[in-house]
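All remarks here apply to the structure that follows.
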Amino acid sequence: ELDPPLAFRAQAKHFVLVTSNSERRLPMPFLRRCVYAHVEFPDADALAAIVGLHCPDPAKSFVAMAVQRFLELRRVDGLVKPPATGELVA
């Protein structure tokens, strides 16, 4: 048993989130301890909402045009990696 000055008890459960775009392999002992959740890419409405969070008071017509063009670019054949949401809001 620990002495009172060294005793510590967590007040909350800890949660660690690890994301992967499957570009590199993670070790199997690590993966065996993981819970997997596939997150679908956001649709046009969700992307517009994300842009609204990053840009103060954007013009709706501009956001709609930007999201439309962004989704078109993601469908271009031959890309090494399609643009991600970060490229839309950058």
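Taken together, the values in this text are just the output of simple stated rules run on the coordinates, not laboratory data. Since this is a predicted model, take the numbers as computed values, not measurements. Neighbour counts run over all protein chains shown; Cβ positions are idealised from the backbone, glycine included.
The C-alpha atoms of the chain define a longest principal axis, and helix 44-54 lies at about 70 degrees to it. Since only Pro83, Leu31, Ala44 are under comparison, the one whose Cα sits farthest along the positive direction of the charge dipole of the chain, derived from C-beta charges on Lys, Arg, Asp and Glu, is Leu31.
Nothing charged except the Cβ atoms of Lys and Arg (+1) and of Asp and Glu (-1): what's the magnitude of the dipole of the chain about its Cα centre? Round to the nearest 20 debye.
On the way: 11 positive and 10 negative charges, 63 e Å.
Roughly 300 debye, rounded to the nearest 20.
The angle between the Cα long axis of helix 60-74 and the longest principal axis of the Cα atoms of the chain comes to about 80 degrees, rounded to the nearest 10. Here Cα extents along the principal axes in Å was calculated from the structure, and among [x] 42, 35, 27; [y] 49, 28, 21; [z] 64, 36, 18 it sits at label [z].
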